[in-house]
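Here is the structure we will look at, set down as structure tokens.
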Amino acid sequence: MGVGVVIRSHNGDFLAAHSQVHNQIMTPKIAESRAVRCAVALARDEGLDKIIIVSDCLSVIQRIKAPGRDRSLIGVVIEDIKILARLFSSVTFRHVSRLCNNSAHILARRVELLGSVYFRDSAPECIPEKLCIDVI
């Protein structure tokens with residue numbers, strides 16, 4: 001499966017993106033939790049301090065927001081996300097519709113062509129027209 005992460009400024013301007021191949025992922029929930037973990041890690045690597053992470057997978061967002069340890073199949077990834085989130089002065093996890101997360105999904109679907117690649121300052125050709133639609 002592929003993971004796509006797009007980082008935008010508070011104005012919706014493109015800052016960075018990352019597509020990543022994940023082998024042996026069996027369920028969409030695992031893929032979504034890995035995508036959120038990748039987004040948090042990429043924001044940290046970019047030196048961001050205040051972030052909003054969005055996902056169209058409600059159960060992943062609910063698990064991240066829940067107190068205590070998640071003992072599900074994705075619990076280890078959820079715990080890692082919570083640990084990484086402590087590195088920011090402000091972090092919000094928000095559920096959005098799939099239409100509001102379209103650019104990340106397009107990037108994830110293109111992972112077979114792109115492979116694991118990082119984009120900075122200019123969006124990959126497959127998503128620039130979608131960025132304006134995704135404004136939250």
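Hey, got the dipole for the chain? About the Cα centre, +1 on K and R Cβ, -1 on D and E Cβ, debye to the nearest 20?
540 debye
Name the residue from GLN62, ILE81, PHE14 whose Cα lies farthest towards the positive end of the charge dipole of the stretch 4-81, charges +1 on Cβ of Lys and Arg and -1 on Cβ of Asp and Glu.
It is GLN62.
Counting other C-beta atoms within 10 Å, and keeping those with at most 14, which DSSP coil GluC sites (Glu not before Pro) do you find in the stretch 35-136? Intermediate values should be presented prior to the final figure.
Working: sites: GLU46, GLU79, GLU112, GLU125, GLU129; in loops: GLU46, GLU125.
Those that pass, being in a loop and sparsely packed, are GLU46, GLU125.
Placing +1 on the Cβ of each Lys and Arg and -1 on the Cβ of each Asp and Glu in the chain, which of CYS100, LEU113, PRO124 has its Cα farthest towards the positive end of the resulting dipole?
So the residue furthest toward the plus end is CYS100.
Find, among the trypsin sites (Lys or Arg not before Pro) in the stretch 1-104, those assigned to loop by DSSP (not H, G, I, E, B) with at most 11 other beta-carbon atoms within 10 angstrom.
ARG69, ARG71, ARG86
If you average the C-alpha positions of the stretch 66-128 and of the stretch 6-43 separately, how far apart do those two centres end up, in angstrom?
Between the Cα centres of the stretch 66-128 and the stretch 6-43 lies a distance of 3 Å.
Values in this text are rule-based calculations from the coordinates and carry no lab data. Since the structure is predicted, the reported quantities are computational estimates derived from the model, not experimental observations. Note that we place each Cβ from the backbone using ideal geometry, even for glycine, and neighbour counts take in every protein chain shown.
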